[in-house]
Amino acid sequence: MKAILQKAGAFIISAILLYSILPVRAAANFEIPGTCQVQTDTGVTCIVKTLDYDYDFNTYFSLRDMAMALKDTDKSFSLEITQSAVSLNTGNAYTPVGVENAPWEDSENPDISLRRNEFKVNGQKVYYYTLITRLPTDCYDCFMMAADLAMILDVNISVPAAGSLQVHTQDSFRISPDVLEQAGYFYGVNSVLVGDATTGEIYYRYQSDAPCPIASTSKLMTCLLVMDAISAGQINPEKIVTVSEAASRLAASGDGVIPLEAGAQITVEELLLGALLPSSNECALCLAEVVAGSEEAFVQMMNQKAQELGLSQAMFYNSHGLPSYTEDPIPSKRQNRMSAEDMFRLVSYLLKVYPQITDITSLESAALQSLDLEVRNTNPLLRNMPEVTGLKTGTTNKAGACLVTTLAADDGTAEHDLAVIVLGTEDSIERGRVSGLLARYALDVFYTGTEATGAGTQIFGELPTHAEAAVDRILRTAKKH
């Protein structure tokens, strides 16, 4: 089974990921035009224009050319592309505009008009990184990674030879993290772990026991302690909190997210929304102060909770995950740290004791009525995969781009929470792409029983829960069914 999975995963290794593993030539904001031969399982071979963005082998493929190549297959799709928006509809016939499957008209670098454009699949907004180009014929084309297109279409792609792709429309999208690791795909990532948070089974791990900075994923511990305080009756979600001077200064700094002014009033529930969705540092600080009276006292609670949960590599210096400076004449810069295994344990405990946290983290946006402000979730996978329920992003220069992803799964008997921990990627683009690939892998293992790297291993036994959480889980499951 493992050999079959690795063979199926060759698409990711050779077709896409090897294009983006090791930069051969760096040139910021530089697009290198090229072409690739693409063949479908109908035998049709087409020329597909490519762009290597910033680096050789960081390759994006023309959507119009790919649509034309797949036009007469079961994976056909239609396209509408403007200067700032793309609409892709699967199963529809593609209407050519006359520029498809032809080489670049000149050797000059194309004009990339937009990176973060609106992208819809079957009418639903999704978040993939794409390049929109205005062609000399005055129509627009969109370029995206083959891995992203393959996930959208649920197809497998292989590389029979250099400069060519084979699209297997009858094969579903599959990856093998083992093969990715051997190819060096995780070389630029600090740590990775994929598993079932409900049972503790590990599907795959990479450097998962090494401590590393965790940036704003620290807020998961902050929210856990806030929920502990709510459960104990110390505070309630409707409690009005007065914004402190310290929180106001943080909001006014370069790390501020939500404009909180000293003396302003906001509820605990809104502070949780602010901390978890747009990753507001000032909201996290407000929560720490309302629970413990000061951030210093709250940090002690964070570290004590980490010890209780057996998070052996965890150390917290603040409630939000930003760099923390000592007051020495030559200050030391410290950051909250944790291993991927610690994070998996924390997430598993949080979801078992307070499963209602996903009622917040699954929201794409929310209104903070006290501030007359709408905030948006920073998790890109919420738009791309319906199974995603959260959980938290995080980024600092030292930590890199981190993402803790949770997915809802159901084996017909009980609900499960799958978790994908990705710490320390180069940027938010890679964070989303690595997490998306591994999330698809997690679902594949869960539903098909495909052999997993860490199959049969567990990172923890039964974690403690209380009656309120058990009842909440039963009600949530009954409501869903």
Problem - In the stretch 123-141, residue most open to solvent (accessible area, probe 1.4 Å) [restricted to those that are hydroxyl-bearing (Ser, Thr, Tyr) and assigned to a loop (DSSP other than H, G, I, E, B)] - result: 127
Problem - Leading residue by the ranking (modelled with the lowest pLDDT) among those in the stretch 175-205 that are surrounded by fewer than 22 Cβ atoms within 10 Å (Cβ to Cβ) and hydroxyl-bearing (Ser, Thr, Tyr) - result: 187
Practice task
Could you list all residues from the stretch 316-332 that are without any contact (Cβ under 8 Å) to a residue 60 or more places away in the chain and either open to solvent by less than 60 Å² (accessible area, probe 1.4 Å) or under 18 Å from residue 285 (Cα atoms) (or both)?
Solution key: 317, 324, 325, 326, 332
Practice task
Tell me, yes or no, whether the stretch 217-239 has at least one residue that is among the aliphatic types (A, V, I, L, M) and within 12 Å of residue 423 (Cα to Cα).
Solution key: no
Handout entry: Residue in the stretch 385-438 that is most open to solvent (accessible area, probe 1.4 Å), counting only those that are assigned to a helix (DSSP H, G or I) and either at pLDDT 95 or above or in contact with a Pro (Cβ under 9 Å, 6 or more places away or on another chain) (or both)
Key = 428
Handout entry: Yes/no for residue 40 being surrounded by 19 or more Cβ atoms within 10 Å (Cβ to Cβ) and touching a helix residue (DSSP H, G or I) at 6+ places or on another chain (Cβ under 8 Å)
Key = yes
Practice task
Among the residues of the stretch 226-259, write down those that are assigned to a helix (DSSP H, G or I) and open to solvent by 10 Å² or more (accessible area, probe 1.4 Å).
Solution key: 227, 228, 230, 231, 245, 246, 248, 249, 250, 251, 252
Exercise for the section: Return the total of residues in the stretch 256-303 being within 28 Å of the chain's Cα centre (by Cα) and either of a type in the set (D, E, K, R) or at pLDDT below 95 (or both). Expected result: 3
Problem - Filter result (open to solvent by 40 Å² or more (accessible area, probe 1.4 Å) and of a type in the set (Gly, Ala, Ser)) within the stretch 76-101 - result: 84, 91, 93, 98
Problem - Any hit, the stretch 303-314, residues being touching a strand residue (DSSP E or B) at 6+ places or on another chain (Cβ under 7 Å), within 21 Å of residue 346 (Cα to Cα), open to solvent by 40 Å² or more (accessible area, probe 1.4 Å) and touching a residue at least 40 places away in the same chain (Cβ under 8 Å) - result: yes
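Table: residues versus (1) in a loop (DSSP other than H, G, I, E, B); (2) open to solvent by 20 Å² or more (accessible area, probe 1.4 Å); (3) on the phi > 0 side of the Ramachandran plot; (4) at pLDDT below 80.
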{"residue": "4", "(1), (2), (3), (4)": "no, yes, no, yes"}
{"residue": "14", "(1), (2), (3), (4)": "no, yes, no, yes"}
{"residue": "24", "(1), (2), (3), (4)": "yes, yes, no, yes"}
{"residue": "74", "(1), (2), (3), (4)": "yes, yes, no, no"}
{"residue": "107", "(1), (2), (3), (4)": "yes, yes, no, yes"}
Exercise for the section: Please find, among 318, 377, the residue that is under 28 Å from residue 119 (Cβ atoms) and of a type outside the set (D, E, K, R). Expected result: 377
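The values are calculated or read from the model by the stated rules, or taken from the named source; none is laboratory data. Model, not experiment: these values are computed from the prediction. Glycine gets a Cβ as well: all are built from the backbone with ideal geometry, and neighbour counts include every protein chain shown. The protein model used for the area step is the full one, side chains on, heavy atoms only, and it has no ligands, DNA or RNA in it. Shrake-Rupley method; radii C 1.70, N 1.55, O 1.52, S 1.80 Å.
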